[in-house]
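Contents: one structure, followed by commentary.
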Amino acid sequence: IIDNPYTPQIAFTKLSIMDQEVKVDENSPLTKPLNELDEVVLSYKDKVISFEFAALHYAIPSKNRYAYKLEGFIDKWVFVDANNRAAKFTNLNPGKYVLKVLASNNDGIWSDTERSITIIITPPYWETWWFRIIMFILLLGVIFLFYEIRLNKLVGIERTRSRIARDLHDEVGGTLSSIQYFVRAIEKELKGNSSQGTSKYLDLIMESSADAQEKIKDLIWTVNPE
């Protein structure tokens with residue numbers, strides 16, 4: 001009496017999403033039978049997925065044993081018996097995984113090679129590379145817009161300063177120069193013991209100072225109307 005030396009082949013038999021079996025269809029993840037696929041693409045919305053498998057060995061199949069692992073999620077082999085021939089996963093993060101399955105015959109002789117299938121979980125649109133690129137471009141656009149607004153504001157402030165300086169130099173400066181001229185004229189008359197034009201010069205000084213005051217008020221209002 002010797003042990004059965006024949007190791008079983010392994011087949012994937014069923015895919016379930018949210019405990020509902022997925023049928024072969026053009027609009028489903030299975031475009032052909034599961035065992036004929038090397039890769040299955042699922043959505044991040046598929047929160048609960050299950051892969052069933054079987055050992056193609058029929059000498060006391062109830063004694064067949066299985067082991068599976070999901071590379072990228074479970075790195076250690078999980079052993080199950082013939083009554084629990086399924087690998088069930090919940091809430092897998094977007095990414096690429098490889099499901100590997102081993103099986104033994106009725107005498108506990110394990111197969112030398114595992115059967116594998118690649119599982120790809122697609123991310124939500126906000127985690128995709130193209131969405132991140134768009135967001136990055138929008139962020140750059142917002143920063144550039146803020147910079148332009150800030151720059152235009154600074155340019156406007158500089159233009160206002162230049163206009164105020166020009167007005168101070170041309171209008172207020174000219175008025176103050178007139179007042180200085182009238183003061184000198186009064187001083188000259190006083191030195192010459194004459195006061196005939198003093199009253200006239202004082203009136204001109206009052207008019208010029210009032211005019212300068214009005215111009216300065218206008219400039220202040222331009223800078224800050226409040």
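The values are calculated or read from the model by the stated rules, or taken from the named source; none is laboratory data. Source: prediction; values computed, not measured. So basically every Cβ, Gly included, is an ideal-geometry build from the backbone, and we count neighbours across all protein chains shown. Note: accessible area is taken over every heavy atom of the protein model, side chains too, but ligands, DNA and RNA are not part of it. Shrake-Rupley method; radii C 1.70, N 1.55, O 1.52, S 1.80 Å.
What to note about this one:
- Principal axes of region 1-133: Cα extent on each, largest first, Å: 67, 30, 21
- Inter-centroid distance (Cα atoms) of region 33-91 relative to region 115-182, Å: 57
- Estimated FRET transfer efficiency when R0 is 35 angstrom, pair residue 81-residue 23 (beta carbons, to 0.05): 0.80
- Under 5 Å from the amide H of residue 10 lie the amide H atoms of 56, each residue being 5 or more positions distant or on a separate chain, with H modelled from the backbone and absent for Pro and chain starts.
- Remark: accessible surface ordering of 182, 12 (largest first) is 182, 12, probe radius 1.4 Å.
- For the chain, the longest principal axis of the alpha carbon atoms and the long axis of helix 173-191 meet at an angle near 20°.
- Partner lysines for residue 191 [C-alpha distance under 18 Å; skip if fewer than 8 residues away on the same chain]: 200
- Area accessible to solvent at residue 104, 1.4 Å probe radius, in Å²: 0
- Nearest-20 debye value, the chain charge dipole, Cβ charges on Lys, Arg, Asp, Glu: 280
- Accessible surface of region 1-97 [probe 1.4 Å, protein heavy atoms]: carbon and sulfur percent: 48
- Cα-Cα over 18 Å, subset of 153/217; 45/96; 63/100; 63/88; 76/100: 153/217; 63/100; 63/88
- Nonlocal amide H pairs with residue 107, under 5 Å, H built at 1.01 Å: 4
- Theoretical gain in end-to-end length, residue 135 to residue 149 [0.36 nm per residue, Cα-Cα removed]: 3.0 nm
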